[in-house]
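Since the structure comes first, as structure tokens, the remarks are kept for the end.
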Amino acid sequence: MSKVIRDKVLQECIDEAYEHARLGRGDGLVERDRVLVETLIELETVGVAMRYVDAKGRIAWRSTKLIRDHLEDLRLDAESDFEDEDT
């Protein structure tokens, strides 16, 4: 498979999906390319990933504002919880 271009947020989702798939298999045989494709399809279907054409004319994927906002909310909640524990 040729290199699939994706942003950092999507790469983290794909890495997590690969580890989950790998750990769930007794024989340890999980094709990374298959996990990549299935994960991108799922993320695009639920609206947290989108395809676009990059500056070099290649098809790439990036996270949508929906997932970036969600991750930012989680970060702020975690920081707030951490500050509450210190007081």
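The values are calculated or read from the model by the stated rules, or taken from the named source; none is laboratory data. Since we're looking at a predicted model, the values are computed, not measured. Counting neighbours? That spans all protein chains shown, and the Cβs are built from the backbone with ideal geometry, glycine included.
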Which ones in the stretch 22-60 are assigned to a helix (DSSP H, G or I) and at pLDDT below 85?
ARG22, LEU23, GLY24, ARG32
Is there any pair with a first residue in the stretch 58-77 that is under 23 Å from ILE5 (Cα atoms) and a second that is hydrophobic (A, V, I, L, M, F, W, C) and exposed (fewer than 10 other Cβ atoms within 10 Å of the Cβ) whose Cβ atoms are under 8 Å apart and which are 6 or more apart or on different chains, and what are they?
ILE59/VAL53; ALA60/VAL53
Could you figure out which of (1) part of a helix (DSSP H, G or I); (2) surrounded by 15 or more Cβ atoms within 10 Å (Cβ to Cβ) isn't true of HIS70?
(2)
